[in-house]
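Asks: Structure provided below as C-alpha cells; questions to follow.
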Amino acid sequence: MDQYFDKEEFKAMADQLSGWLAEYHAHVDKFPVLSQVSPGEILEQLPSSPPADGEKLDTIFNDFEQKILPGITHWQSPNFHAYFPANNSTPSILAEFLTAGLGVQAMKWLTSPAATELEFKVLSWLRQMLDLPGDFRGVLQDTASVSTLCALIASREKATGGQFNLSGPEGNRLRVYCSTEAHASIEKAVRIAGIGSNNLVKIPVNNHLEMEADALLSAIHDDLDNGFTPTCIVAALGTTGTCAFDPLEQIGEIARENRIWLHIDAAYAGSAMILPEFRNKVQGLEHADSFVFNPHKWLFVNFDCSALFIRDTKQFQSAFRLVPEYLQSDADDEVEDMSNFGIQLGRRFRALKLWWVIRYYGTKGLQKILREHIRYAIWFEERVKASEIFELSIPRRLTVVCFRLKIQGNDASRDADILTRELLRRINESGKVFLSHTRVQGKFVIRMVTAQTYLRREHVEKAWKIIEETGKHILNG
Ligand SMILES: *Cc1c(COP(=O)(O)O)cnc(C)c1O
C-alpha cells in the first residue's frame, strides 16, 4: 500500500486487468452463464472483519478470481438470453475506465464543463438517431426507474402548479395510469412520488397485451367525475414481459385532449427506433411530454445509462431546481447545470461512454447489429412455430420470443405450466444458456431474448438445440 500515487503499481495492475478482460471477453461463452453457487457460499469465504493492514493488489486480484468470480452470472455471455441484456462493448468498457480514472463529478457545468456539454451533445445525437420530436431535450439518469420517477414528479408539479413540492400530498387527488403489463418501476415511482399505489389506475390490455385505449378514456372520465386529477399516463413502447406496444397515437390523443402528462417507457425497445423500418411504425410521439430508453440495455453502453427526453425543460427543471449558496457560480446565468434535471446532486460522467460507443460503431454499425439480433429472434420464432413440442405464446416482438411446452393430445394429468417451469429450471441449471420467464394471459411462458452484444447465429442455434432436447426429455420422462 502506498499513500502516494505509485505509477508503476498502477500501470502493472491496469495492464494485468486489461489482459484479463481481453481473455474474459474472448472466452466468456465458456463460463456457466448463470452462476452455480448456492446462497451464502460467497459470503462464507469472506472475512468477517476488514483488514487492519493494507494488502497487495495482486492478493486482492487473486481473491477476486477465486472467491468472487464463481458467484458472477455472466451478463456479457452470448449465452445470456434472460430478462433484457445489460450490454457492454469494447468502446464502452474503455470509456468507463477513463471515466473512473478522471473521477469527475458532473453536478454543475463548472465542475467539468466538458461533462455537461458532451452530455448535451450526445443526447442531441441520440434524439436525432431515434428521430424523436425536435423540441425534446435529453438528460442522462442512472436507470429507467429513476427517469420515470423524475417524469412523474414533473407531471405532479405541473398538475398542482408546484404546490405538491411545497405542501406535500395533503388534499391531493392525483391519478396516474398505466397498463396491467407496465413495469413494476411505475408503481414504485408512484409510491415514492407520494401519489400512492391506490392512485395508480391499471388499465386492462387486449390479447396482444397492449393497453386498451377505450378503457383508459373511461377510467379518466370516471376519475374526473369523482373529483380526481388525472396527472400522468405512462405508456409502454415494449413491455418487459412480452415487448408489447401500447397504442401511442390513441393514448396520445387522450392525453392531449385531457391535458395529462404522457410519459413513454421504451426502456428496451427505444433502441430499435434507430431502425427506420421500426421507427416508421411508431406513431404518436408528438403527443409525448417525456420519453425514456436505456442505452445500457440494447445499445451496448455499460450499465448504468438511461436517456430521459423531455419536452418542456423549464417546467421540468422547476420541479427539481434548488440551488443553495455554496453551489452558486458566476456562470449560472449562461449555462445549465445537469443536477437541475433530476434527483441527484452528484452525477457520474456517463456521456463519455455513450460518445465512444456512438462514434465507434456509427449509426450504421449499430443498425447492423440490431437487425442481426432481430433476425436471430425471427429464426428462433420459426423454430418454435415449426416444433411439435412447443407453442408460441404471443407473436415475437423485436428480439423477444415467448413460448411454452405443448401437451400432446388431451392428457389432463399433465400441466403445461409445471412442465414449462421444470424445463426452464433444467436449462438454467445446465449453465449452458440462461433464460427467464413471464406470464401471458396467466400462462407460464419462457422468454428468449436475442440481444446480447456479441451474439452470433451459432449461439442461437446452440440455445435452440439445448431447449429442444431438454423439452423432449421432459415430455417423454
Ligand atoms: C428494464 C425496464 C425498466 C427498468 O429499467 P431500469 O433501468 O433497470 O430501472 C423499466 N421499464 C421497462 C419497460 C423495462 O423493460
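Asks: Which whole-Hz ³J(HN,Hα) couplings does the stretch 401-408 yield from phi under the Karplus relation 6.51 cos²θ - 1.76 cosθ + 1.60, θ = phi - 60°, glycine and proline marked x?
Replies: Result, ordered by residue: 10, 10, 8, 8, 6, 10, 7, 6 Hz.
Asks: Within the set of other residues whose C-beta is less than 15 Å from the C-beta of residue 302, count the net charge using Lys and Arg as +1 and Asp and Glu as -1.
Replies: Its environment carries a net charge of +1.
Asks: Counting Lys +1, Arg +1, Asp -1, Glu -1, what net charge surrounds residue 336 among other residues with beta carbon under 12 Å of its beta carbon?
Replies: -2
Asks: Tell me the relative contact order for the chain as a rounded percent, counting alpha carbon contacts under 8 Å between residues six or more apart.
Replies: 21 percent.
Asks: Let me ask something else about it. Over its Cα atoms, what ratio of radius of gyration to 2.2 N^0.38 Å does the chain give?
Replies: 1.05
Asks: Now, a different point. Using alpha carbon centroids, what distance separates the stretch 400-446 and the stretch 1-28, in Å?
Replies: One Cα centre to the other: 43 Å.
Asks: Can you spot the lysines whose alpha carbon is less than 23 Å from residue 30's alpha carbon? Ignore those fewer than 8 places along the same chain.
Replies: Output for residue 30: 67, 297, 432, 462, 465.
Asks: Which three extents, in whole angstrom, do the alpha-carbon atoms of the stretch 266-353 cover along their principal axes, largest first?
Replies: Principal-axis extents of the Cα atoms in the stretch 266-353, largest first: 50, 30, 20 Å.
Asks: Okay, next question. Find the relative contact order for the stretch 166-273 and round it to a whole percent, using C-alpha pairs within less than 8 Å whose residues are 6+ positions apart.
Replies: 27 percent
Asks: Determine ³J(HN,Hα), in whole Hz, for all residues of the stretch 461-468 in sequence, where each value follows from phi through the Karplus function 6.51 cos²θ - 1.76 cosθ + 1.60 and θ = phi - 60°; x replaces Gly and Pro.
Replies: 5, 5, 4, 4, 4, 5, 5, 5
Asks: So if I take the centroid of the Cα atoms in the stretch 75-114 and the same for the stretch 165-191, what is the distance between those two points in Å?
Replies: Each part reduced to its Cα centre gives a spacing of 30 Å.
Asks: With θ set to phi - 60°, apply the Karplus curve 6.51 cos²θ - 1.76 cosθ + 1.60 along the stretch 318-324 and write out the HN-Hα couplings as whole Hz, x wherever there is a Gly or Pro.
Replies: Result, rounded to whole Hz: 5, 6, 10, 5, 7, 10, x.
Asks: Taking +1 at the Cβ of each Lys and Arg and -1 at the Cβ of each Asp and Glu, which of 296, 306, 251 sits farthest along the dipole of the stretch 227-353 towards its positive end, judged by Cα position relative to the Cα centre?
Replies: Result: 296, furthest along the dipole toward the positive end.
Asks: Same structure again: For residue 6 and residue 256, calculate 0.36 nm times their separation in residues minus their Cα-Cα distance, and state this gained length in nm to one decimal.
Replies: Length gained between residue 6 and residue 256: 84.0 nm.
Asks: Among 183, 263, 208, which comes first, second and so on when ranked by fewest other beta-carbon atoms within 10 Å?
Replies: Least crowded to most crowded, the residues run 208, 183, 263.
Asks: Quick one: putting +1 on the C-beta of Lys and Arg, -1 on the C-beta of Asp and Glu, what dipole do you get for the stretch 1-133 around its Cα centre, in Debye to the nearest 20?
Replies: The dipole magnitude comes to about 580 debye.
Asks: What range in the chain is the longest one free of GluC sites (Glu not before Pro) that are in a loop by DSSP and have at most 11 other Cβ atoms within 10 angstrom?
Replies: Between exposed loop sites, the widest span is 171-333.
Asks: While we're on this one: Could you list which residues have their amide H under 5 Å from that of residue 177, counting only those 5 or more apart in sequence or on another chain, with H placed in the peptide plane?
Replies: Placed amide hydrogens put 201, 232, 233, 234 under 5 Å from residue 177.
Asks: In addition: Order these by the 10 Å Cβ neighbour count, fewest first: 448, 129.
Replies: Ranking 448, 129 by Cβ neighbours within 10 Å, fewest first, gives 129, 448.
Asks: Taking the stretch 23-124, which trypsin sites (Lys or Arg not before Pro) meet the DSSP loop condition and have no more than 16 other C-beta atoms within 10 Å?
Replies: 56
Asks: What number results when the radius of gyration of the stretch 294-343, computed over Cα atoms, is divided by 2.2 N^0.38 Å?
Replies: Dividing the Cα Rg of the stretch 294-343 by 2.2 N^0.38 Å gives 1.45.
Asks: Here's a follow-up. Let me make sure I get this right: for the stretch 131-232, a, b and c are the square roots of the gyration tensor eigenvalues over alpha carbons, sorted descending. Under 1.5 in a/c it's rounded, otherwise prolate if a/b > b/c, else oblate. Which is it?
Replies: Oblate, because a/c is 1.5 or more while a/b does not exceed b/c.
Asks: Excluding residue 83 itself, what net charge comes from residues whose Cβ is under 12 Å from its Cβ, given Lys and Arg +1 and Asp and Glu -1?
Replies: +2
Rule-based calculations on the coordinates, nothing more; no lab input. Nothing here was measured: the structure is a model prediction, and the numbers come from that model. All Cβ positions, even for glycine, are placed from backbone atoms using ideal geometry, and neighbour counts span all protein chains on display.
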